[in-house]
Amino acid sequence: MRYAMAMDTKKCVGCSDCVVACQTENNVPEGYCRDWIVENTAGTYPHLDLELRSERCNHCDNTPCVRTCPTGASHVIEGGIVKVTPEECIGCGACIQACPYDARYFHPDGYVDKCTFCDHRVAKGQVTACVAVCPTKSLTFGDLDDPNSEVSRLLRDRKWKVLAPEAGTKPHVFFLT
Amino acid sequence: MKEELIISGRNIPFIDPVLNIWHWQIPLYLFVGGLAAALIFFSAYFYIRGRGDELKTSVQIAPILAPIVIVIGLIALILDLRHPAYFWQLYTTIRFDSPMSWGAWTLGLIMPLSVIWPLTYMKEIREYYKNSSNMTLSIIDFVDGIINIRIIKVIIDWFTAKRYLLAWVNIILAVILGVYTGILLSAFNARPLWNTSILGPLFLTSGLSTGAAVIMWMSRSVKERIIFSRIDLLLIAVEIFFIIHLFMGFLASGSVQIEAAELFLGGEFTAIFWTGVMLIGLIIPATLETMELFGYHIPISIPAILILVGGLLFRFIMVEAGQVTRYLY
């Protein structure tokens, strides 16, 4: 079992529905977010390319955040999902410094918070909140170890990239281009 | 011209627009941690070399400061935690992958040992301060009163008899503590300015230099001052070598590392680093110490203060600048 997400940059319209769905589902405090939209414009005027991405924790294979955690609060659970146990977190900030994607933040209650790949929903056989609400179906969640899953199929058929591959974290959120 | 414009919808406190989660507490701790490591290192080293009576200040007197500055550092560390009530979680596990776990355990061990070391020298400390103010004397009386409690006296007497062993344990822990102040930062793969293994030796050397400066400032014997002034000169030379090494490493590396180096080579930290750290903190004190060795009379407090200010500034700049550097995608 290895959970992963494919994010289709060609379908995304940047509506931020995934952001709001996550905030609602996970009671994310006001002013914070576990996923977010990035608008990337590149090229030479007037020949510009616009790419929209819905970004979140990449649930990496090589997890610098888990490695630097002094208490073991940051850990990896079944399926490669990276999680934080609030009762073990001392709020030192080491994992925030270690993440190349700045995907973690201090919850106002003091502990470190981040995307959980909605493991509480996944355990019930549902997909994550962001995937469930996406109006253009640009987000796909599934098991990479299953060659017949939708996410495996997309990664076979489409061109894709990951963010900051040079950081060497082996991210598991893939961006279809 | 090909350009790239990235607009993020994320605006989280302390994370955006640039990471800013570590403030004054961490650099202050890195400074006092390095200073304490140096004081403990020199006391243990010269004790093992059998020069305790000759270099009184470094072996017997200056280590009094070590537990005091460690406590200041611990207070800063606790203030830095956002979930401080859970700090004891550090001591429920040992995680070899995490430098912070190493640091927490080292601090937990070195803290009591740094208190015990000066307590084994109470007689010498009383002798050394016999002409001091009444307040100093009453503090010494107070501490003497505590260690004369029977159970504590047994412990202190045991350690006094085993001072040689204590010195070896201290010297090892002091090196770990000194290196740890640099390794803490270098463990973060995501911050290119920190992610270099030279930071461990660099922070250790800088810490030892600040410790040597304190000892040389405190010492009443000309001979000891000259010895520590020479040690300090050597350490400053090594430190400058490491800093050059650091930048050469960055400039020979990938684009994010080059960008990190450019913060100091024309970027926003250029002026403060080259004048504050290099000139005021290293080159001027080294020049003054050299002049002193050639017979010019220079008040020892001037190079000592400059080195301490430079060391503190260096850590503030490194922590601040490191959080600015990142992988951009």
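The values are calculated or read from the model by the stated rules, or taken from the named source; none is laboratory data. Keep in mind that what you see is a predicted model, and the values were worked out from it rather than measured. Quick reminder, even Gly has a Cβ in these numbers, built from the backbone with ideal geometry, and neighbours come from all protein chains shown. Protein only, heavy atoms only, side chains kept; ligands, DNA and RNA dropped before computing areas. Shrake-Rupley method; radii C 1.70, N 1.55, O 1.52, S 1.80 Å.
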- Task: Measure out, as a whole number of angstrom, how far apart the alpha-carbon centroids of region B:240-274 and region B:294-322 sit.
- Result: 20
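Which sequence of A:His120, A:His59 reflects their accessible areas, 1.4 Å probe, from the largest down? List each step's numbers first, then the result.
On the way: A:His120 75, A:His59 0 Å².
Solvent-accessible surface, decreasing: A:His120, A:His59.
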- Fluctuation leader among B:Gly33, B:Gly103, B:Gly211 - chain B, Gaussian network, Cα springs under 10 angstrom: B:Gly103
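Mind checking how much accessible area B and A bury in total, 1.4 Å probe, in Å² rounded to 100? Present the calculation step by step, with values, prior to reporting the outcome.
Details: alone 17110 and 9150 Å², together 22370 Å².
For chain B against chain A, roughly 3900 Å² becomes buried.
Might you tell me the accessible area per residue for region B:1-112, computed with a 1.4 Å probe and given in Å²?
Here the residues of region B:1-112 average 46 Å² of exposed surface.
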- Within-15-Å neighbourhood charge of A:Glu55 [Cβ basis; K, R +1; D, E -1]: +1
- Measure of exposure for B:Met135: accessible area at 1.4 Å probe, Å² rounded to 10, is 140
- Item | GNM flexibility winner over chain B from B:Leu35, B:Leu185, B:Leu246 (Cα, springs under 10 Å) | B:Leu246
- Per residue, what volume in Å³ does the Cα convex hull of the protein assembly as shown take up? 168
- Using heavy-atom solvent-accessible surface (probe 1.4 Å) with all chains present, what is the largest-first order of B:Asp144, A:Asp145? A:Asp145, B:Asp144
- Task: Enumerate the aspartates and glutamates that A:Lys83 could reach by cross-link, defined here as Cα to Cα under 14 Å, with residues fewer than 8 away along the same chain left out.
- Result: A:Asp61, A:Asp113, A:Asp119
- Quotient of C-alpha Rg and 2.2 N^0.38 Å, computed over chain A: 1.02
- Spit out the partnerless Cys residues in the protein assembly as shown, using Cβ distances under 4.7 Å as the pairing rule. A:Cys12, A:Cys15, A:Cys22, A:Cys33, A:Cys60, A:Cys69, A:Cys89, A:Cys92, A:Cys99, A:Cys118, A:Cys134
- Given a cut-off of under 8 Å on Cα pairs at least six residues apart, what relative contact order in percent is computed for region A:1-124? 21
- Once you average over the residues of B:94-100, how many Cβ atoms of partner chains fall within 10 Å of each Cβ? 6
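On the accessible surface of region B:199-322, probed at 1.4 Å, how many percent belong to carbon and sulfur atoms? List each step's numbers first, then the result.
Details: 3910 of 5330 Å².
After summing per-atom areas, the C and S share lands at 73 percent.
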- Item | Highest average packing first - A:62-68, B:161-167, Cβ atoms within 10 Å | A:62-68, B:161-167
- Note on the structure: Expected field for A:Glu150, accessible surface area in Å² at 1.4 Å probe radius, rounded to 10, holds 90
- Message: Let me spell out the model: positive unit charges on the Cβ of Lys and Arg, negative unit charges on the Cβ of Asp and Glu, origin at the Cα centre of chain A. What dipole size does that give, in debye rounded to 20?
- Response: 440
- Task: On a C-alpha basis, how far is the centre of region A:1-69 from the centre of region B:75-99 in Å? Whole number, if you could?
- Result: 30
- Which value in nm describes the separation of the simple spin-label points at A:Lys170 and B:Val222, placed 7 Å from the Cα toward the beta carbon? 6.6
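Using the crude model of +1 on Lys and Arg Cβ and -1 on Asp and Glu Cβ, and no other charge, please compute the dipole size for the protein assembly as shown relative to its Cα centre, in debye to 20. Please list the in-between numbers first.
Working: 40 positive and 44 negative charges, 213 e Å.
I would put it at about 1020 debye.
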- Item | chain B: Lys pairs at Cα distance under 20 angstrom, eight or more positions apart or on different chains | 7
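Hand me the chymotrypsin sites (Phe, Trp or Tyr not before Pro) from region B:246-298 located in a DSSP loop with no more than 16 other Cβ atoms within 10 Å, in residue order please. Spell out each step's value before the answer.
Details: sites: B:Phe247, B:Phe250, B:Phe264, B:Phe269, B:Phe273, B:Trp274, B:Phe294, B:Tyr296; in loops: B:Phe264, B:Phe269, B:Phe294, B:Tyr296.
Within region B:246-298, the qualifying chymotrypsin sites (Phe, Trp or Tyr not before Pro) (loop, at most 16 other Cβ atoms within 10 Å) are B:Phe294, B:Tyr296.
With the Cα gyration tensor of region B:97-246 giving a ≥ b ≥ c as the square roots of its eigenvalues, does the rule (a/c under 1.5 for rounded; else a/b larger than b/c for prolate; else oblate) give rounded, prolate or oblate?
Numbers: a/c = 2.79, a/b = 1.56, b/c = 1.78.
Oblate shape, in that a/c is at least 1.5 and b/c is the bigger or equal ratio.
Taking only the Cα atoms of region B:10-133, how large is their convex hull per residue, in Å³? Before the final figure, lay out the partial values.
Details: hull volume 19.6 nm³, N = 124.
Residue-normalised Cα hull volume stands at 158 Å³.
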- Note on the structure: Honestly region A:116-177 on the Cα gyration tensor test (a ≥ b ≥ c root eigenvalues; a/c under 1.5 rounded, otherwise a/b vs b/c for prolate or oblate) is just prolate
- Grab the other residues whose beta carbon is less than 14 angstrom from that of B:Trp274, score K and R as +1, D and E as -1, and report the net. -2
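State the percent of C-alpha pairs, over all pairs in region A:81-162, separated by a distance greater than 16 angstrom.
Values: 2133 of 3321 pairs.
Across region A:81-162, Cα pairs with separations above 16 Å total 64 percent.
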- Over what distance in Å are the Cα centres of region B:2-20 and region B:194-215 separated? 33
- Tabulate in residue order the Karplus-calculated ³J(HN,Hα) for region B:97-103, using 6.51 cos²θ - 1.76 cosθ + 1.60 with θ = phi - 60°, rounded to whole Hz; enter x for Gly and Pro. 6, 9, x, 5, 5, 4, x
- Item | Cβ-based charge dipole, the protein assembly as shown, positive-most Cα from A:Cys134, B:Ala66, A:Pro70 | B:Ala66
- Task: Determine Rg/Rh for chain B; Rg is computed over alpha-carbon atoms and Rh is the Kirkwood hydrodynamic estimate from the same atoms.
- Result: 1.01
- Residue of B:Leu308, B:Leu74, B:Leu109 that the Gaussian network model of chain B assigns the largest fluctuation, springs spanning Cα pairs under 10 Å: B:Leu109
- Message: Suppose we compare each residue of region B:54-92 in its chain alone and in the full protein complex with a 1.4 Å probe; which ones drop by at least 30 Å² of accessible area?
- Response: B:Leu81, B:Arg82, B:His83, B:Tyr86, B:Gln89, B:Leu90
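With runs of 4+ DSSP H residues as the only contributors, calculate the mean residue ellipticity of the protein assembly as shown at 222 nm using -39,500 (n - 2.57) per run, divided by the residue total and rounded to the nearest 500. Present the calculation step by step, with values, prior to reporting the outcome.
Details: 18 runs with 246 residues, N = 506.
Rounded to the nearest 500, it is -15500 deg cm²/dmol.
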- Scan around A:Asn58 for amide H atoms under 5 Å from its own, H built in the peptide plane at 1.01 Å from N, and keep only partners 5 or more places away or cross-chain. none
- Task: Apply the Karplus parameterisation 6.51 cos²θ - 1.76 cosθ + 1.60, with θ equal to phi minus 60°, to every residue of region A:77-83 and state each ³J(HN,Hα) to the nearest whole Hz, in sequence, with x for glycine and proline.
- Result: 9, 2, x, x, 7, 8, 10
- Quick one: accessible surface of B:Met111, probe radius 1.4 Å, all protein chains present, in square angstrom to the nearest 10. 40
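Hey, if we sort B:Ser209, A:Ser16 by accessible area with the 1.4 Å probe, largest down, what's the order?
Values: B:Ser209 0, A:Ser16 45 Å².
Accessible-area ranking of B:Ser209, A:Ser16, largest first: A:Ser16, B:Ser209.
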- Item | 1.4 Å probe accessible area per residue over region A:1-140, in Å² | 38
- Query: Between B:Ile94, B:Leu177, B:Ala167, whose Cα lies farthest towards the positive end of the dipole of region B:79-234 when Lys and Arg beta carbons carry +1 and Asp and Glu beta carbons carry -1, centred on the Cα centre?
  - Reply: B:Ala167
- Query: Could you give the length gained on full extension between B:Ser197 and B:Phe159, defined as 0.36 nm per residue of separation minus the Cα-Cα distance, in nm?
  - Reply: 10.1 nm
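If Lys and Arg each add +1 and Asp and Glu each add -1, what is the summed charge of the other residues whose beta carbon sits under 9 Å from the beta carbon of A:Cys65? Display every interim value, and only then the final one.
Values: positive: A:Arg67, A:Arg104, A:Lys114; negative: none.
Result for the neighbourhood of A:Cys65: +3.
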- Using θ = phi - 60° and the Karplus relation 6.51 cos²θ - 1.76 cosθ + 1.60, list the HN-Hα couplings for region A:122-127 in order, rounded to whole Hz, with x at every Gly or Pro. 4, 4, 8, x, 9, 8
- Query: Taking N as the number of residues in region B:150-215, what value does Rg over Cα atoms divided by 2.2 N^0.38 Å take?
  - Reply: 1.57
- Message: Give me, ordered by chain and number, the residues 5 or more places off A:Tyr105 or on other chains with an amide H under 5 Å from its own placed amide H.
- Response: A:Asp113
